[in-house]
Amino acid sequence: MLPAALPGQSRAAALVDSARQAVAANRLDSAAALLRLALDTGVHASQGERENAFVWQGIVQFLGGDSRAARAAFRQALVLDTTLSVRGLDRLSPALGELFQQEKRFAAGRAFVYLSGQVTEPPQRLSGPTVAYPSSLLRRHVQGRVEITAIIDTAGRPEPASVEVLSTPDSGLIAPVEQWMLASQFAPGRLRGAAVRVMLQLAVGVQPPRLAATDLVTQARRQLAAGRGDSALSLLDLASDTALTHPTEGERAYTLLVRGVARRSSSDSAAGAALRDGLARYQDLRARGIDLAPFLRRLADSLRASGPKAKRPGADMAPPTAVGVVDEPPVLAAHPPIRYPPELAALKVDGTVVVEAAIDAAGHVEPGSLRLIESPNHGFDAEALRVVGGSVYRSARSHGQPVRAVIRQAITFVSY
């Protein structure tokens, strides 16, 4: 029940008086609630009553241990009257008295600033970025409302020195929300048509972004191929977080399969369990007739085909085969080092890739002539094309003269 006003006392004054009594009884939460009511525009408090309410709000925040919010409340009181004096703060706490005096000195040294409720047109946010959610908070799912205040100048820009976060569910959100405010453009506040400086307080809702599981797993595969296993596992942890990614059944299978590959390359005993679970999910989806992405089918088929193999994978290039009639076919003279794709090496996948290419009369591969003819796994394709494109041949010959020829070059990848 709201307190009744005494004879001659307004409703706002009655609320502030009750809040003062609640402070005396150390019921700070009750006092804070009463002061919020007193400052509600529906109460129609006078300027003096609002000043009083803001001062008591600052006292409540200070006694509750929040000096930042106490400063903001005192600042709002001093916006209404920069000459405001409050007796007795030192008796409550010397630190409280000094805090008020600091804000008073600050208020006296700046140009006049209005509160949103004092102007005919409060500032309105027109444009700016979204809050950049910190990646360090993703796993904890931090979300909630961040209360921030700033003075919006007559050009509609927040004044950097005035930006202050009053409350936040996590300190990690302070910097990104302050940056959000500073990067925002506002329509300036106006008083009877004239642009004026206005202290604005906003509640900014912040929540983790929704991430795409497939993108995270694909990034993890790139990290794995580059030999950064720890980074790959961190990305896979995010992909597995259902609150962040809302993965489909296919994405769950994809995540498990790549996790198994990552852990296998680290000789982790959990690799087998992840691979078995991932393959079981994949086979169940195929049995139910669910259409799956080609990259997932290729990965799963490679894993199912892989068995216990040797430790050191290698690769070899057979002599090329000429397509068409020549007296002497081209002979491989040199080729770049062949790099076994790391992910397929971890999976112990092997096979032979056949690449077709045109060799000019000087023994060089003609640009644009490379074509895949056969491949056991598309994970080998890029490396096979790179190696053949960089190879040098002794040219084909007909009637004793070097001639252009088309060849098919086989490269065999073996996990011994």
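Where does the chain land at 222 nm, in deg cm²/dmol rounded to the nearest 500, when only DSSP H runs of n ≥ 4 count, each adding -39500 (n - 2.57), divided by all residues?
On the way: 15 runs with 175 residues, N = 416.
Counting only the DSSP helices, I get -13000 deg cm²/dmol.
Label-point separation (nm) for Asp360 and Ala155, each offset 7 Å from Cα along Cα-to-Cβ?
The modelled label-to-label distance comes out at 5.9 nm.
How big is the dipole moment of the stretch 189-301 about its Cα centre under a simple scheme where the beta carbon of each Lys and Arg is +1, that of each Asp and Glu is -1, and everything else is neutral? Debye, nearest 20, please.
Details: 17 positive and 11 negative charges, 96 e Å.
In total the dipole reaches around 460 debye.
Suppose all protein chains stay in the model; what accessible area per residue would a 1.4 Å probe give for the chain, in Å²? Intermediate values should be presented prior to the final figure.
Details: 21130 Å² over 416 residues.
With all protein chains present, the chain gives 51 Å² per residue.
Projecting each Cα onto the charge dipole of the stretch 289-395 (Lys/Arg +1, Asp/Glu -1 at the beta carbon, about the Cα centre), which of Ala384, Pro329, Ile359 comes out farthest on the positive side?
Ala384
Taking 0.36 nm per residue of separation and subtracting the Cα-Cα distance, what length does fully extending Thr218 through Phe295 add? Kindly include the intermediate steps, with their values, before the conclusion.
Values: separation 77, 0.36 × 77 = 27.72 nm, distance 0.98 nm.
This chain segment gains 26.7 nm when fully extended.
From Cα pairs below 8 angstrom and at least 6 apart in sequence, can you work out the relative contact order of the chain, rounded to a whole percent? Numbers along the way, then the final one.
Values: 753 pairs, mean separation 40.6, N = 416.
About 10 percent, as a whole number.
Rounded to the nearest percent, how much of the accessible area of the chain (1.4 Å probe, protein heavy atoms only) is carbon and sulfur? Before the final figure, lay out the partial values.
Values: 10720 of 21130 Å².
Carbon and sulfur together cover 51 percent of it.
For Val387, Val23, write out the residues from largest to smallest accessible area, computed with a 1.4 angstrom probe and no ligands counted.
Numbers: Val387 0, Val23 25 Å².
From most accessible down to least: Val23, Val387.
Rounded to the nearest 20 debye, what is the charge dipole size of the chain about its Cα centre when +1 sits on each Lys and Arg Cβ and -1 on each Asp and Glu Cβ?
Working: 47 positive and 39 negative charges, 67 e Å.
Dipole about the Cα centre, nearest 20: 320 debye.
What nm value, rounded to one decimal, do you get for the distance between Arg210 and Asp81 when each label is placed 7 Å out toward the C-beta?
5.2
Find how much the distance from Gln101 to Ala132 grows on full extension, using 0.36 nm per residue of separation minus their present alpha carbon separation; answer in nm with one decimal.
Working: separation 31, 0.36 × 31 = 11.16 nm, distance 3.56 nm.
Gain in length upon complete extension: 7.6 nm.
Considering only protein heavy atoms, with the full assembly of protein chains and a 1.4 angstrom probe, order Tyr340, Tyr114, Tyr254 by accessible area, largest first. Display every interim value, and only then the final one.
Details: Tyr340 35, Tyr114 60, Tyr254 5 Å².
Sorted by accessible area, descending: Tyr114, Tyr340, Tyr254.
Toward the positive end of the charge dipole of the stretch 209-250, about the Cα centre and with charges on Cβ (Lys, Arg +1; Asp, Glu -1), which of Gly229, Leu211, Thr248 goes farthest?
Comparing the listed Cα positions along the dipole, Gly229 ranks first.
Would you kindly calculate the translational diffusion coefficient of the chain, applying Stokes-Einstein with the Kirkwood radius from alpha carbon pairs, for 10 °C and a viscosity of 1.306 mPa s, and quote it in µm² s⁻¹ without decimals? It would help to have the intermediate numbers written out before the result.
Values: Rh = 27.9 Å.
For the chosen part, D equals 57 µm²/s.
Order the following by accessible area, largest value first: Ser167, Ser162. Probe radius 1.4 Å; ligands, DNA and RNA are ignored.
Values: Ser167 50, Ser162 10 Å².
Sorted by accessible area, descending: Ser167, Ser162.
Charges at C-beta only: +1 for Lys and Arg, -1 for Asp and Glu. How large is the resulting dipole of the stretch 292-416 about its Cα centre, in Debye rounded to 20? Walk me through the intermediate numbers first.
Numbers: 14 positive and 12 negative charges, 87 e Å.
With only Lys, Arg, Asp and Glu charged at Cβ, the dipole is about 420 debye.
With only alpha-carbon atoms counted, please give the Rg and Dmax of the stretch 101-246, in Å.
20.4, 65
I need the per residue convex hull volume for the stretch 180-256, using only the alpha carbons, in cubic angstrom as a whole number. All intermediate terms of the calculation are to be shown ahead of the outcome.
On the way: hull volume 11.1 nm³, N = 77.
Looking at the stretch 180-256, the number lands at 144 Å³ per residue.
The values are calculated or read from the model by the stated rules, or taken from the named source; none is laboratory data. Not measured: the values here are computed from a predicted model. Glycine also receives a Cβ, built like all others from the backbone with ideal geometry; neighbour counts cover every protein chain displayed. These area figures cover heavy atoms from the full protein model, side chains too; ligands, DNA and RNA do not enter into them. Shrake-Rupley method; radii C 1.70, N 1.55, O 1.52, S 1.80 Å.
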